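**Student:** Just passing along the structure, written as structure tokens.
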Amino acid sequence: MRLEIRDFILAMRRVFLLFPSAFILVYLITGCGYKPTSVYTKKVLGEKIYSQVEVYLRDPENSVLIKDALNEAIVNRFKGSLVPKQYADSELIVSLRRVSFRPLQYDKNGYVIYYRAIASLKIVYKSKKGETKILTVSGNYDFPIEPNSVISDTKRFEAIRESSKKALDKFISQISIIGYQES
């Protein structure tokens, strides 16, 4: 019986030690004025966004990948909704400027076994205030391949999609900074 009381007291001590630290953490996060980036991007772009991706003539199938990544970013990261142009608060027009692949690592026989895909995007956005700005962002994605082989279409598309997502993340950061500076 005595051992159970002692265990109970030790357990309660742990709860009281953990609870204040959790309370302090929550207080610090909410008390410091933290706001997610979506709050600042909404100040610049608004809630309703129209997106358009211009076709890259050298590689037209990549436009579909970029369109999907852009729509995903609008819905998940901007916390906005996709609407037709006439109902939009702002417009995003994205075009793929350049895609390149650079070897990063070689095996002992001199074959490339690791590549970096770099996608450069030109983004023209018209904000809800009517301002038009052009930003160029780039993102990269590192991926391995088998020694003595070429980059497969699957790996290539995945690399372009992921590097485009990273470029869009940089765009989101830049828009958030603009929104923060305006507030």
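**Student:** Spot the failing condition for Ile74; the list is (1) under 22 Å from Glu182 (Cα atoms); (2) assigned to a strand (DSSP E or B), and only one is missed.
**Tutor:** For Ile74, the failing item is (2).
**Student:** Tell me which of these Gln86 doesn't satisfy, since it passes every other one: (1) in a helix (DSSP H, G or I); (2) in contact (Cβ under 8 Å) with a residue 40 or more places away in the chain.
**Tutor:** Evaluating Gln86 over (1) in a helix (DSSP H, G or I); (2) in contact (Cβ under 8 Å) with a residue 40 or more places away in the chain leaves (2) as the failure.
**Student:** Let me ask something else about it. For the stretch 116-140, give me each residue that is assigned to a strand (DSSP E or B) and over 21 Å from the mean Cα position of the chain (by Cα).
**Tutor:** If the condition is that a residue be assigned to a strand (DSSP E or B) and over 21 Å from the mean Cα position of the chain (by Cα), then Thr132 is the only one that fits.
**Student:** Here's something else I'd like to know. When the residues of the stretch 141-183 are filtered to those that are closer than 28 Å to Ser127 by Cβ and among the acidic types (Asp, Glu), which remaining residue is farthest from the chain's Cα centre (by Cα)?
**Tutor:** By that ranking, first place goes to Glu182.
**Student:** Another one. Residues of the stretch 141-166 being in a helix (DSSP H, G or I), farther than 16 Å from Arg102 by Cβ and touching a residue at least 40 places away in the same chain (Cβ under 8 Å), which ones?
**Tutor:** Phe157, Arg161, Ser164, Lys165
**Student:** Can Arg77 be described as over 18 Å from the mean Cα position of the chain (by Cα), under 20 Å from Lys165 (Cα atoms) and either surrounded by 13 or more Cβ atoms within 10 Å (Cβ to Cβ) or at pLDDT 85 or above (or both)?
**Tutor:** In short, no.
**Student:** If Ile5 satisfies all but one of (1) exposed (fewer than 10 other Cβ atoms within 10 Å of the Cβ); (2) at pLDDT 75 or above, what's the number of the condition it fails?
**Tutor:** All conditions are met except number (2).
**Student:** A follow-up question, please. Can you name every residue in the stretch 127-174 that is surrounded by 14 or more Cβ atoms within 10 Å (Cβ to Cβ), of a type in the set (A, V, I, L, M) and over 14 Å from Leu70 (Cα atoms)?
**Tutor:** Leu135, Ile145, Ile151, Ala159
The values are calculated or read from the model by the stated rules, or taken from the named source; none is laboratory data. All values derive from a computational prediction rather than experimental measurement. Counting neighbours? That spans all protein chains shown, and the Cβs are built from the backbone with ideal geometry, glycine included.
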